[in-house]
Amino acid sequence: MARIAECRDEDVAVLDVVLPSESATANHAQRYGRQCAGAGTYLIAWRDGRPVGTCEVRWDGCAAGEVRAVVGDCPEINGLFVWPESLRSQGIGTAFIRTAEDLARGRGVWRMGLGVGEDNVRAAALYRRLGYRPVTSYVDRYAHGDAEGVVQHVANPCTFMVSTLSSHRE
Ligand SMILES: CC(C)(COP(=O)(O)OP(=O)(O)OC[C@H]1O[C@@H](n2cnc3c(N)ncnc32)[C@H](O)[C@@H]1OP(=O)(O)O)[C@@H](O)C(=O)NCCC(=O)NCCS
């Protein structure tokens, strides 16, 4: 199993080397910056001294207006990613989600949301199993730099899912 901890200043350079920088989910410095500003918590999974996954909790909620119109500032799990692929299906993604939910409980927040791409059937099934239910469709729009440093604009059709948290872990 992996150990999950909040990102520290010195982790950002390690993440940039180990977790694929061309990935749209990478942006480690930006996510850590949001944590420093109090808007997020950037969780990192570690195994044998190496980062093997990331998960940002955005306490100010999803940026998409379509989602905010329905769920307001419901906190959002964003950038959930386990790497390398050989480490998937070992419970790391589940551990991230449960850790994020525990952090929410600690803040007296009783719901958690996340967006999943409409083509990401397996991830959606995992979230459903963990108690998340679809609340609205939206288009996730963001920009990221590719391997050549060229800014790519993405518009990804997604479903936003929400779980109501009980006072203790299921
Ligand atoms: C989606 C993602 C984060 C899930 O992470 P993960 O670590 O593979 O998730 P888990 O291991 O907790 O659960 C995944 C599967 O393993 C199973 N599983 C969980 N713990 C397990 C264990 N101890 N032993 C065997 N299987 C286990 C789960 O039941 C689930 O079943 P599935 O294979 O039918 O889907 C990961 O697959 C990933 O990084 N995908 C690419 C990026 C992505 O799609 N991110 C999500 C964006 S919304």
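The values are calculated or read from the model by the stated rules, or taken from the named source; none is laboratory data. For clarity, every value in this text was computed on a predicted model and none was experimentally measured. Note: ideal-geometry Cβ built from the backbone for every residue, glycine included; neighbour counts use all protein chains shown.
Table: residues versus (1) out of contact with any Gly (no Cβ under 7 Å at 6 or more places or on another chain); (2) charged (D, E, K, R).
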residue: THR54; (1), (2): no, no
residue: ALA64; (1), (2): yes, no
residue: ASP73; (1), (2): no, yes
residue: TRP83; (1), (2): no, no
residue: GLY113; (1), (2): yes, no
residue: TYR142; (1), (2): yes, no
residue: GLN152; (1), (2): yes, no
residue: ALA155; (1), (2): yes, no
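When only residues in the stretch 95-110 that are farther than 11 Å from ALA45 by Cβ and small (Gly, Ala, Ser) count, which is nearest to the ligand (Cβ to nearest atom)?
Here the residue is ALA100.
Considering the conditions (1) exposed (fewer than 14 other Cβ atoms within 10 Å of the Cβ); (2) modelled with pLDDT of 95 or more; (3) more than 10 Å from the ligand (Cβ to nearest atom); (4) not in a loop (DSSP other than H, G, I, E, B), GLY38 is excluded by exactly one of them, (4). Suppose we keep only residues that are in contact (Cβ under 8 Å) with a residue 40 or more places away in the chain and of a type in the set (Val, Ile, Thr) within the stretch 133-170. Which one would you say is farthest from GLU76 (Cα to Cα)? Of everything passing the filter in the stretch 133-170, VAL154 is farthest from GLU76 (Cα to Cα). Within the stretch 41-61, if we keep just the residues that are more than 14 Å from the chain's Cα centre (by Cα) and of a type in the set (D, E, K, R), the residue that is nearest to the ligand (Cβ to nearest atom) turns out to be ARG47.
In this entry, TYR138 passes the filter for residues that are in contact with a helix residue (DSSP H, G or I) (Cβ under 6 Å, 6 or more places away or on another chain) and more than 8 Å from the ligand (Cβ to nearest atom).
I want to confirm something. Restricting to the stretch 64-80 and keeping residues that are surrounded by fewer than 20 Cβ atoms within 10 Å (Cβ to Cβ) and under 28 Å from HIS168 (Cβ atoms), which single residue is nearest to the ligand (Cβ to nearest atom)? So, considering only residues that are surrounded by fewer than 20 Cβ atoms within 10 Å (Cβ to Cβ) and under 28 Å from HIS168 (Cβ atoms), the one nearest to the ligand (Cβ to nearest atom) is VAL71. Once the stretch 111-123 is narrowed to residues that are among the small types (Gly, Ala, Ser) and within 8 Å of the ligand (Cβ to nearest atom), the residue that is nearest to GLY40 (Cα to Cα) is GLY115.
Consider the stretch 81-94 and keep the residues that are touching a residue at least 40 places away in the same chain (Cβ under 8 Å) and outside any loop (DSSP other than H, G, I, E, B). The one that is farthest from the ligand (Cβ to nearest atom) is LEU87.
Taking the listed residues ARG141, ARG133, ARG111, the one that is within 16 Å of CYS62 (Cβ to Cβ) and in contact with a Ser or Thr (Cβ under 6 Å, 6 or more places away or on another chain) is ARG111, with no other qualifying. Annotation: of all residues in the stretch 52-63 being closer than 24 Å to TRP110 by Cβ and among the hydrophobic types (A, V, I, L, M, F, W, C), the one that is surrounded by the most Cβ atoms within 10 Å (Cβ to Cβ) is VAL57.
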